[in-house]
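**Q** This is the structure, below, for whatever I ask next.
The values are calculated or read from the model by the stated rules, or taken from the named source; none is laboratory data. Everything quoted here is computed from the prediction, not taken from an experiment. All Cβ positions, even for glycine, are placed from backbone atoms using ideal geometry, and neighbour counts span all protein chains on display.
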Amino acid sequence: MIRKKILMLGDFAVGKTSLVRHYIDNTFDDVYLTTIGVKVSKKMLAVNHVELELLIWDIEGETPSKKIPKAYFKGASGAIIVCDASRKETVEGIREHIGDLLAFNREAKYVIAYNKSDLLSAQQKETLSLSENTFLTSAKDGSQIDILFTTLAKEILL
Amino acid sequence: MQSVISPVIAQEIAENKDKMIDALYPIMGGMISKYVTNAIKEMMEHINAKIEEGLSFERYKRKLKAKMTGVSETEILLEESLDATIRSLFIIQKETGLLVAEVHLENREINDPHMVASMASAIKDFVNDWTEKAEETSEVQLLSYGNATLYIESAGSVYLIAFLDTEPDFEQRSKINVFFAKIIKKYSRFFQDFDGDDSAPEIQTIEEMMRKFLRETKPPVPRENAAKKNPLKYILILFLLLCFAYAAYWGKGKYELYLLEQQISRQTGAHITIEKENHTLYLKGYLASIKDFYTIKKLIKEKTGKDFVNEMYLPPEEMDQKLMQQKKTMAQTVKRLSLETNRALKDQQHTVKVLENTLTSKYDRLEQKVAGLEAELQTINTRYHTTRKKLDTAISISVMKAHALEKLKEAFSHTDAFHPKDGSLDFKNKHLFEAGQSVPKADSLSVLKQGFKKYITVLMGDKQIKPYIKGFVIEGYTDSSGSYDFNKALSLERAKQIKKYVLTLPVSKQYHLSKIIDARGMADENPVIINGVEDREASRRIKIRFVFNSDKAIESIEKALND
């Protein structure tokens, strides 16, 4: 079996933990996240007949008063960059999170989750220009969460 | 709520370290205590096991240690009982937090070890980040909660976590560190390149090493009904075994000697006693003949591979005969060897003599040859020097002659009377003679006088050229009419007439030319031809030319050089 470390990155309260909770097999208590700024979960999946276990580091969104240790970013094979599709400022923060990821892991792969898509109207969804690795997700109805993680896993194994 | 709680926690951390530790304890402790059992219970079991050891060697060893160190046996027992038990060992890649290898004591496996490894890695990173901000340079090495402890040792691209039931003492830490260093030394490259694939064969080897380490450091398991052991019993058994082994060894040697004695008796009829002392054989008894002695000697050598000390009695008369015989044989041998040696020496002397004569003869011939070559070389050397000298002279004469010709050419550059090739001055256009006459025409003498004076002055007036001038030749010529004999006589007469005239000139007296001017008749040689028709008047003429010392020598050398 192959194991890889992936990161959940995104601004504060964009729904990273909810996405993870919806997807994973096992996790530590949420108390870790509020105390040390990270919580590890795991998910096992098979990609192209290869058994892969993702160790998902759900990193708390950084705020001016709470800095996250940069060591958490090291050694990641990939990341899911999450934004709140209904909050423009979190979408604008995507670029910075990608920069943080690549600064520590030049070869890392990433996918982008426009989360809380259930809050968007059909018209708003149409106006969004989404690229190949960008997904409209919702932890509320579970839409596109599986494909979000599977796409990242495939990218990592390429 | 989150936006309110987080700044408050951050502020608390910044203001008070103790509060930070208090905040972390429930997190780390919850995780650690999940995998570590009751240390007190283990310690009690451990002490019970020690007590049950009873009369074991361990007890005597402990007693001895207590006497030597002055520390009571109870304290030593307690200290031994307090050794921490390592339940699990993890090796985790630093950057990724991925678990590379894991081992556990039996029935102490940890659920979800990969998640635990990642979380432990995160906690370590968090604490390290916090201590760095607090300007403390050292990394976190020990995380404790209640009776559970994580001992963390970092090296290269990985760190090792030992899950213990209590804090390890210095000795235990050293053991763990030494073991970890051993693994790092061997597998540092593998750890660095580890990509999360747990099928790598190295992992099995590493885990085997870790398992072995766990077994070695595991405290003894208490045995409720273990029999008490008495060390005296073992000592007695050991002593008896040693006695038996010695007796067997001694009996075997004796039996072998007995067999040998029997064999000697069968072959010689003599009753010989063999004794062995310090690996040396002593033979005692009476022999009937010397022959028996040699039979025994051969037999002993065959059976034991050794010589022996002879303490046997031999018959004296036979001994004397034997000695005489040996003496005689030896004398004959010496005589034979002496003769053979003398003969060989004589042969060799003869060979050496022949060789010496041959070499002397060869040397003489070579010496003669060398003397001949030396003489030849001397001759060649002399010839070389002579030739060299001549050549040098010829070169200097040749150079001087060229110089003389150059000066004459310059002096007579206004006229074609001078011939640079042979250095002669040709009075061909001066109408010197009437046909058939040898006396020069009076009106032509002034031209002759001027030309002669200039020619002589150029050569004899030069201090460098003068020593090389041997003399001058006045050549008389006729036209081609008339017979050769007539012309020969007429041309000679013309030359003489001119010689007679020039000797009257002051310049001839100045340079004492009377003895060095020669007159020659050239008959009608080299007539003057203009447009294919002879100019007879011009042909009736004289030439003056100089003769250089060694002119012939120069010619011969030049010829030799050209050849």
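**Q** So, in the range B:162-171, exactly how many residues are surrounded by fewer than 19 Cβ atoms within 10 Å (Cβ to Cβ) and either hydrophobic (A, V, I, L, M, F, W, C) or in a helix (DSSP H, G or I) (or both)?
**A** 2
**Q** Then there's this: For A:Val82, state whether it is without any contact (Cβ under 8 Å) to a residue 40 or more places away in the chain and buried (at least 20 other Cβ atoms within 10 Å of the Cβ).
**A** no
**Q** Of everything in the range B:513-541, what is loosely packed, with under 15 Cβ neighbours inside 10 Å and β-branched (Val, Ile, Thr)? Give them in sequence order.
**A** B:Ile529, B:Ile530, B:Val533
**Q** Still on this structure, I have one more. Report, ordered by the first and then the second residue, all pairs with beta carbons closer than 8 Å, sequence separation of six or more or different chains, a first member in the range B:440-453 that is surrounded by 14 or more Cβ atoms within 10 Å (Cβ to Cβ), and a second member that is polar (S, T, N, Q).
**A** Close Cβ pairs satisfying both conditions: B:Pro440/B:Gln497.
**Q** Counting just the residues of the range A:80-123 that are charged (D, E, K, R) and touching a Leu at 6+ places or on another chain (Cβ under 8 Å), which one comes out farthest from A:His22 (Cα to Cα)?
**A** By that ranking, first place goes to A:Asp100.
**Q** Output the residues belonging to the range A:113-158 that are of a type in the set (Asp, Glu) and outside any loop (DSSP other than H, G, I, E, B).
**A** A:Asp118, A:Glu126, A:Asp146, A:Glu155
**Q** Suppose we filter B:Glu376, B:Glu356, B:Glu406 for residues that are out of contact with any Leu (no Cβ under 6 Å at 6 or more places or on another chain), modelled with pLDDT of 90 or more and within 30 Å of B:Ile544 (Cα to Cα); which single one remains?
**A** Sole residue among the options that is out of contact with any Leu (no Cβ under 6 Å at 6 or more places or on another chain), modelled with pLDDT of 90 or more and within 30 Å of B:Ile544 (Cα to Cα): B:Glu406.
**Q** Still on this model: Could you check the range B:497-507 and list, in sequence order, the residues that are touching a strand residue (DSSP E or B) at 6+ places or on another chain (Cβ under 9 Å) and without any contact (Cβ under 8 Å) to a residue 24 or more places away in the chain?
**A** B:Lys500, B:Leu503
**Q** Part of a helix (DSSP H, G or I), of a type in the set (A, V, I, L, M) and on the phi < 0 side of the Ramachandran plot - does that describe any residue in the range B:282-296?
**A** yes
**Q** Looking at B:Glu207, is it out of contact with any Gly (no Cβ under 6 Å at 6 or more places or on another chain), away from chain A (no Cβ under 14 Å) and in a helix (DSSP H, G or I)?
**A** yes
**Q** State yes or no: is B:Arg87 at pLDDT 80 or above and away from chain A (no Cβ under 14 Å)?
**A** yes
**Q** Among the residues in the range B:266-284, are any in the same structural domain as B:Trp250 (by TED's automatic domain parsing), of a type in the set (D, E, K, R) and in contact (Cβ under 8 Å) with a residue 40 or more places away in the chain?
**A** So far as the range B:266-284 goes, no, none of its residues is in the same structural domain as B:Trp250 (by TED's automatic domain parsing), of a type in the set (D, E, K, R) and in contact (Cβ under 8 Å) with a residue 40 or more places away in the chain.
**Q** Just to be sure I understand the filter: pairs with C-beta atoms under 8 Å, separated by 6 or more residues or on different chains, first member in the range B:305-329 and in a helix (DSSP H, G or I), second member at pLDDT below 85 and surrounded by 10 or more Cβ atoms within 10 Å (Cβ to Cβ). Which pairs pass?
**A** Listed pairs, sorted by first residue: B:Glu318/B:Ser289; B:Glu318/B:Ile290; B:Met319/B:Ile290; B:Lys322/B:Ile290.
Residue by residue, here is whether (1) part of a strand (DSSP E or B); (2) in contact with a Cys (Cβ under 7 Å, 6 or more places away or on another chain); (3) β-branched (Val, Ile, Thr); (4) closer than 29 Å to B:Ile397 by Cα holds:
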site: B:Lys453; (1), (2), (3), (4): no, no, no, yes
site: B:Ile474; (1), (2), (3), (4): yes, no, yes, yes
site: B:Thr478; (1), (2), (3), (4): no, no, yes, no
site: B:Ser491; (1), (2), (3), (4): no, no, no, no
site: B:Lys496; (1), (2), (3), (4): no, no, no, no
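**Q** Which helices (runs of 4 or more DSSP H) sit wholly inside the range A:1-102 and have at least 2 residues that are at the interface with chain B (Cβ under 9 Å from one of its Cβ atoms) and closer than 22 Å to B:Asn111 by Cβ?
**A** A:31-36
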